[in-house]
1. Name the one entry in ALA62, ALA32, ALA46 that is over 21 Å from VAL133 (Cα atoms) and of a type in the set (Gly, Ala, Ser).
2. Condition test on ARG8, is it surrounded by 17 or more Cβ atoms within 10 Å (Cβ to Cβ) and either within 15 Å of ARG65 (Cβ to Cβ) or modelled with pLDDT of 95 or more (or both)?
3. Which residues, counting only those in region 11-23, are part of a loop (DSSP other than H, G, I, E, B) and out of contact with any Lys or Arg (no Cβ under 6 Å at 6 or more places or on another chain)?
4. Residues of region 104-113 being part of a loop (DSSP other than H, G, I, E, B), surrounded by 13 or more Cβ atoms within 10 Å (Cβ to Cβ) and of a type outside the set (Val, Ile, Thr), which ones?
5. Which numbered condition in (1) in a loop (DSSP other than H, G, I, E, B); (2) within 19 Å of GLY40 (Cα to Cα); (3) of a type outside the set (S, T, N, Q) is the only one that ALA116 fails?
6. Can you name the residue in region 27-46 that is small (Gly, Ala, Ser) and either modelled with pLDDT under 95 or surrounded by 13 or more Cβ atoms within 10 Å (Cβ to Cβ) (or both) and is also nearest to the chain's Cα centre (by Cα) among such residues?
7. Could you look through region 52-82, keep only residues that are of a type outside the set (S, T, N, Q) and farther than 24 Å from PRO10 by Cα, and pick out the one that is surrounded by the fewest Cβ atoms within 10 Å (Cβ to Cβ)?
Amino acid sequence: MAKPPPPRPPGVGGNPVAARIGAYGGPGCLWARIDNTGSGIVYRVAAIILVGPSSTLADARAGHRYMIWAAATLARQAGYTTFTFYGDQANPNFRAHADRLAQSVGVPGSGKTPRASSGGYADYQVTLDVSKVLA
């Protein structure tokens, strides 16, 4: 029996699912969306800061958990066994978090930089496993 879906926090909704929680780039921030690219499902994060003092910190953390669950659910519905967790201009904290997620509920060692950056941090992605996320 599959576990129930996590609660959807304020700031998460729409079709396709998107999150706009907290001030962009500040503590308690999650700005993200889920895309169906036609060749897979991508949970794409534009900004995520889950540390520091903020009244939206709990909602951002809950939103991140919900978005992972929603991406896995959409991937399963579309017939995929995996989906991509993608960070725009991913700093070292994001990369480490993504690698830990891939280790626990994805494909270990799947982290890669999909395209070169013209400045700042490069984008980063890992592959997550639908059945592990939804277990």
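The values are calculated or read from the model by the stated rules, or taken from the named source; none is laboratory data. Predicted model, so just to flag it, every value in this text is computed and none were measured. Using ideal geometry, Cβ is built from the backbone for each residue, glycine included, and neighbour counts are taken over all protein chains shown.
1. Values: ALA62 fails: over 21 Å from VAL133 (Cα atoms); ALA32 fails: over 21 Å from VAL133 (Cα atoms).
Exactly one of ALA62, ALA32, ALA46 is over 21 Å from VAL133 (Cα atoms) and of a type in the set (Gly, Ala, Ser), namely ALA46.
2. Working: surrounded by 17 or more Cβ atoms within 10 Å (Cβ to Cβ): no; either within 15 Å of ARG65 (Cβ to Cβ) or modelled with pLDDT of 95 or more (or both): yes.
The answer is no for ARG8.
3. Taking region 11-23 first, the residues part of a loop (DSSP other than H, G, I, E, B) are 11, 14-17, 22-23.
Residues satisfying the conditions are GLY14, ASN15, PRO16, VAL17, GLY22, ALA23.
4. We begin by selecting, within region 104-113, every residue part of a loop (DSSP other than H, G, I, E, B); these are 107-111, 113.
Right, trim to surrounded by 13 or more Cβ atoms within 10 Å (Cβ to Cβ) and you get 107, 110-111, 113.
Result: SER110, GLY111.
5. Going through the list (1) in a loop (DSSP other than H, G, I, E, B); (2) within 19 Å of GLY40 (Cα to Cα); (3) of a type outside the set (S, T, N, Q), ALA116 breaks only (2).
6. Initial filter on region 27-46 (small (Gly, Ala, Ser)): 28, 32, 38-40, 46.
When the remaining residues are screened for being either modelled with pLDDT under 95 or surrounded by 13 or more Cβ atoms within 10 Å (Cβ to Cβ) (or both), the result is 28, 32, 38, 40, 46.
Values: GLY28: 15, ALA32: 7, GLY38: 18, GLY40: 14, ALA46: 10 Å.
The residue in question is ALA32.
7. GLY79
Table: residues versus (1) in contact with a strand residue (DSSP E or B) (Cβ under 6 Å, 6 or more places away or on another chain); (2) free of Cβ contacts under 8 Å to residues at least 24 places away in the same chain; (3) assigned to a strand (DSSP E or B).
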position: LYS3; (1), (2), (3): no, no, no
position: PRO9; (1), (2), (3): no, no, no
position: GLY25; (1), (2), (3): yes, no, no
position: LEU30; (1), (2), (3): yes, no, yes
position: PRO53; (1), (2), (3): no, no, no
